[in-house]
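What follows is calculated from the coordinates using simple rules that are stated; it is not laboratory data. On a predicted model such as this, the values are computed, not experimentally measured, just so you know. We place every Cβ from the backbone using ideal geometry, glycine too, and count neighbours over all the protein chains shown.
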Amino acid sequence: MYRILIVEDDPGIAGEIERLAQTWGLQARTVRDFSDVMAEFAAWQPHLVLLDIGLPCFDGYHWCGEIRKVSKAPILFLSCAGDNLNIVMAMHLGADDFIVKPFDAQVLVAKMQALLRRSYDYDLAAASALYAHRGALLDADADSLRFDGKTVALTKNESRILRCLLENKGKTVSREQLMERLWKTEQFIDENTLTVNVNRLRKKLDAVGLADFITTVFGVGYQIK
């Protein structure tokens with residue numbers, strides 16, 4: 001089932017789109033925290049984003065640009081500001097289509113279905129492996145971390161370690177679990193090698209302002225709180 005992320009701060013419009021999407025066999029979720037849309041994008045990993053221009057904190061143009069840095073998921077702008085300038089701006093930033101409010105429900109469904117067909121040809125395996133926490137965004141497919149406008153390249157092992165910790169946020173991951181995760185790469189990882197990888201990863205996190213992102217649980221392993 002296709003997943004739709006609705007970035008719309010009008011609860012009436014968002015609720016109607018959710019109901020409409022579900023009627024047509026689509027899963028839909030509306031963003032709740034407009035200060036960190038990327039965290040909800042990463043958690044939901046949508047196949048399609050419906051994006052308003054006028055939003056709290058940052059406008060739709062900002063989030064369109066942020067999404068395009070990590071994903072090729074189609075973006076459909078929904079806005080009452082349907083003049084040529086806004087439409088051209090949206091397309092330049094990577095939007096795939098634009099619909100003007102108020103819109104006809106059948107037209108919206110037709111546009112969503114067309115974008116999904118063009119983008120996936122009904123292949124649901126196109127989502128990226130994205131993980132967000134404290135404003136940081138890990139793209140595990142690209143082995144890179146973004147935070148505060150900076151992008152950090154990670155080694156495969158660093159990326160796997162961070163991904164494992166982010167998948168278990170709030171829980172302690174033992175050193176044995178991490179080594180088992182890295183062992184699956186068919187590369188031998190011993191205790192010292194794991195320590196070196198974690199320390200190198202921490203230095204990269206510190207360098208972009210993510211100090212103490214990874215906590216050591218002495219005698220056990222590591223944790224991201």
- Query: Considering the values (i) 36; (ii) 16; (iii) 31, which represents percent of Cα pairs over 31 Å apart as calculated for the structure under consideration?
  - Reply: (iii)
- Query: For the chain, what does -39500 (n - 2.57) per DSSP helix run (n ≥ 4), summed and divided by total residues, give at 222 nm, in deg cm²/dmol to the nearest 500?
  - Reply: -13000 deg cm²/dmol
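What is the calculated FRET efficiency for Phe58 to Asp148, with r their C-beta to C-beta distance and R₀ = 22 Å, to the nearest 0.05?
Values: r = 14 Å, r/R0 = 0.63.
The formula returns an efficiency of 0.95 here.
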- What trypsin sites (Lys or Arg not before Pro) in segment 1-56 are in a loop by DSSP, with at most 10 other Cβ atoms within 10 Å of the Cβ? Arg32
- Once amide hydrogens are built 1.01 Å from N within the peptide plane, the residues lying 5 or more places from Leu48 or on another chain with amide H under 5 Å from its amide H are Arg3, Leu5
- Equivalent ellipsoid, segment 1-117 (semi-axes from 5 times Cα gyration tensor eigenvalues, Å): 18, 17, 14
- So what's the net charge close to His133: Lys and Arg +1, Asp and Glu -1, counting the other residues with Cβ under 14 Å from its Cβ? -1
- Go ahead and set up a Gaussian network model of the chain, Cα springs under 10 Å, then flag whichever of Val31, Val49, Val100 fluctuates most. Val100
- Item | Cross-link reach list, lysines versus Lys69, counting only Cα pairs under 18 Å and skipping chain neighbours closer than eight places | Lys150
- For Ser35, Ser159, Ser119, Ser174, order by how many other beta-carbon atoms lie within 10 Å, fewest first: Ser35, Ser174, Ser119, Ser159
- Task: Would you mind counting up the charge near Ala90? Only other residues with Cβ under 12 Å from its Cβ, with Lys and Arg at +1 and Asp and Glu at -1.
- Result: -4
- So what J values fall out for segment 84-92 if you push phi through Karplus, 6.51 cos²θ - 1.76 cosθ + 1.60 with θ = phi - 60°, rounded to Hz, Gly and Pro as x? 4, 4, 5, 5, 5, 4, 4, 5, 5
- Where both partners of a DSSP beta bridge lie in the chain, what percent of those bridges are antiparallel, to the nearest 5? 50
- Could you check the simple spin-label distance between Glu180 and Lys69, using points 7 Å along Cα→Cβ, in nm with one decimal? 3.5
- Loop-only check: which trypsin sites (Lys or Arg not before Pro) in segment 61-117 are DSSP coil with at most 13 other Cβ within 10 angstrom? Lys72
- Query: What residues from segment 208-225 fall in the zone where the backbone N is under 12 Å from a label point 7 Å along the Cα-to-C-beta line of Glu191?
  - Reply: 219-220
- Task: Work out from phi, with θ = phi - 60° and the Karplus expression 6.51 cos²θ - 1.76 cosθ + 1.60, the ³J(HN,Hα) of each residue of segment 156-168, listed in order in whole Hz, and give x for Gly and Pro.
- Result: 4, 5, 4, 5, 5, 4, 5, 4, 4, 5, 6, 5, 10
- Note on the structure: Env charge @ Thr215, Cβ radius under 15 Å, K,R +1 / D,E -1, value +4
- Sparse-neighbour loop sites [chymotrypsin sites (Phe, Trp or Tyr not before Pro); segment 66-150; at most 12 other C-beta within 10 Å; DSSP]: Tyr122
- Can you give the angle from 0 to 90° between the axis of helix 105-120 and the longest principal axis of the chain, with both taken from C-alpha atoms, to the nearest 10? 40
- Task: Treat the count of other C-beta atoms within 10 Å as a stand-in for reagent exposure and order His47, His62 from fewest to most.
- Result: His62, His47
- Query: Can you list residues whose amide H is under 5 Å from Ala28's amide H, if they're 5+ apart or on another chain and H is modeled 1.01 Å from N?
  - Reply: Ile4
